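The values are calculated or read from the model by the stated rules, or taken from the named source; none is laboratory data. This is a predicted model, so every value here is computed, not measured. Because the Cβ atoms are built from the backbone with ideal geometry, glycine has one as well, and the counts that use them run over all protein chains shown. Areas reflect the complete protein model, heavy atoms only, side chains present, ligands, DNA and RNA absent. Shrake-Rupley method; radii C 1.70, N 1.55, O 1.52, S 1.80 Å.
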Amino acid sequence: MAAKTSTEAESDKPLRHGYTTGSNATAAAKASLVRLITGEPVPFAEILLPIGERVTFAIVSQEAGDNWVESGVIKDGGDDPDATHGALILARVEWQEEAGIVLDGGVGVGRVTKPGLAVPVGEPAINPVPRKMLRTTVQEVLNQFELMDRGVKVTISVPQGEEIAKKTLNERLGIVGGISILGTRGIVVPFSTAAYKASVVQAIKVAKASGCQALALTTGGRSEKTAIELYPEWPEEAFIQMGDFVGFSAFHGKKQGFRRLSVVGMMGKLSKVAQGVMMVHSKSAPVDFNFLAAVAADAGADEALQEQVRQANTATHAGELMTAAGLPQFFDLLAACCSREVHRHVGGEIEIETILTTMQGAILGRAMYDGNDCGDSDRDRG
C-alpha cells in the first residue's frame, strides 16, 4: 500500500481542542479565591465550561499578599493555536468591603473605546460569556465556603497582552492596551486545519448518503442552532458546521450533488462573503466598509448615513446603524450579495440561500439565489 502524503496523514489525526482565554481566566480566578479563603496553595482548578464539560487546569504560578492572591494559567490553543497560544493568563482576587463581584482588566487586557462590540465603551474587553463564567464560578466558591455575602474583586491580566494584541484586529476595533478575554463555548475548535476540512467533506458525504436533499452550512454552534430551529424537519445530518470555510464547503456540497445550500451566520463573517471573500477567518480579509456603505445606499441610506457606515467600527456596528435608521432591507440586500457570490464561486447550477442572524438567533436578512439576476429576498419564508 502506498504511503500517505503528509496532508492525508494530518487529516487522519483527531482534532485536539484548546481552551479559550475566558476558560483560562476563570480557572485562574477560582484558584486565587480558594487560596485566599483557605490559605493553602492550589495546584489545580476545575471549572464547568459553557458546553457542560468539566475541565481541570494546572496552576503555573501563585502569589499571595495580605488581602489578595494572584494565580496564573498558560493558555493552550489546541491544534489551531491563535495569537494567544502559550500566553500567561493571570487572575488577581481580593476582598472588597461592599458585597458583590466586581470584574476588571489589568495589564495586557484591552479596554473598549468604540461602539459595536459585545462590551460597552469604557469596559475591559472581557466578553459576555467569560464574564458570566467568572461571576458564576466565584459565587459557587463563595457559597461552598458559606461566604455568600463577601465582596470580591477579580482582575484579569495578561503580561504579554499588549504585544500579542499587535497580531490581532483589536486596535482597529477600538480595543486598546491589550487582548480580549473571549469564548462562547469554553473550548477552541481548530477551524483552519486540513483535518477540519477533511471532517467537513466527510460530513457532507454522510449527509448525501443519509438521503438529505439540502445542506445547512453554518459558521458555528450558535448559527447551527438557529438553522435547526428554522428547518426542524431536516435530518440532523443536513446541518454542518463549516467554520470559516464557506467557499470550500459550498464547493464540496455541490460536488456531492446537492442542489440547494443554506448558508447561515452572523454579520461579521457573512459581510465578508457578500464582498466575495470565501475564507472568513478574522485574519483572512478585513470587512470592506465602502462595500457596506454601497449596500446601505441601495437600501435607501442618505449620504450622512452612508458615511457613518464607512466609519463603523465593525460589521455589526454598521448593521446597528441601519436598524436604527429604520432600513431593515439592508440585511436582505446583503444576504442577496452573499448568495450571489457563493453561487458564482461554485460555478452555478445550484440554489444558494443566505440567512443573516443576530447572536441571539433572530433573523436579520434572508435571500435565495439560483442564477437569475434578481435574488429572492424573503424574510418571512420558512
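Annotation for Ala214 and Glu320: the two label points, set 7 Å from Cα along the Cα-Cβ direction, are 3.2 nm apart.
Note on the chain: antiparallel DSSP beta bridges, both residues inside, total approximately 60 percent of the bridges counted. Counted residue by residue at 0.36 nm each, then reduced by the alpha carbon distance between them, the extension gain from Trp95 to Lys225 reaches 42.8 nm.
Under the combined filter of DSSP loop state and at most 14 neighbouring Cβ atoms within 10 Å, region 229-312 retains these GluC sites (Glu not before Pro): Glu233. Sorted on the mean count of surrounding Cβ atoms within 10 Å across their residues, most packed first, peptides 48-54, 178-184, 99-105 read 178-184, 99-105, 48-54.
For Lys255, a cut-off of 20 angstrom between C-alpha atoms picks up these lysines, skipping any fewer than 8 places away in its own chain: Lys197, Lys205, Lys208. Close amide H contacts of Leu49 (hydrogens built in the peptide plane, cut-off under 5 Å, sequence separation of 5 or more or a different chain): Arg54, Val55. Extension gain, Ile74-Ala304: 0.36 nm per intervening residue step, less the Cα-Cα distance, totals 78.1 nm.
Zone of Thr136 (label point 7 Å along Cα→Cβ, backbone N under 12 Å): which residues in region 149-193? The answer is 184-186, whose backbone nitrogens lie closer than 12 Å to the label point. The trypsin sites (Lys or Arg not before Pro) of region 233-268 that DSSP puts in a loop, and whose beta carbon has at most 14 other beta carbons within 10 Å, are Arg259. What is the percent of Cα-Cα separations in the chain that go past 32 Å? Tail of the P(r) past 32 Å holds 41 percent of the pairs. The dipole here belongs to the chain: it is taken about the Cα centre, uses +1 on the Cβ of Lys and Arg and -1 on the Cβ of Asp and Glu, and is about 720 debye.
Across the chain, Cα pairs under 8 Å and at least six residues apart give a relative contact order of 14 percent.
Using the Cβ of Glu237 as centre and a radius below 14 Å, the other residues enclosed give a net charge of -1, where K and R count +1 and D and E count -1. With contributions of -39500 (n - 2.57) from each DSSP H run of at least four residues, the per-residue ellipticity at 222 nm computed over the chain stands at -11000 deg cm²/dmol. Shown is the FRET efficiency for Glu63 and Asp149, computed with R0 = 25 Å from the Cβ-Cβ distance and rounded to the nearest 0.05: 0.40. Per residue, the accessible area of the chain comes to 46 Å², computed with a 1.4 Å probe over protein heavy atoms only. The residue among Gly276, Val264, Tyr231 whose Cα reaches farthest toward the positive pole of the charge dipole of region 223-277, with charges on the beta-carbon of Lys, Arg, Asp and Glu, is Gly276.
Solvent-accessible area of the chain (1.4 angstrom probe, protein heavy atoms only): carbon and sulfur portion equals 51 percent. Computed from label points 7 Å out along Cα-Cβ, the spacing between Thr56 and Ala362 is 4.4 nm.
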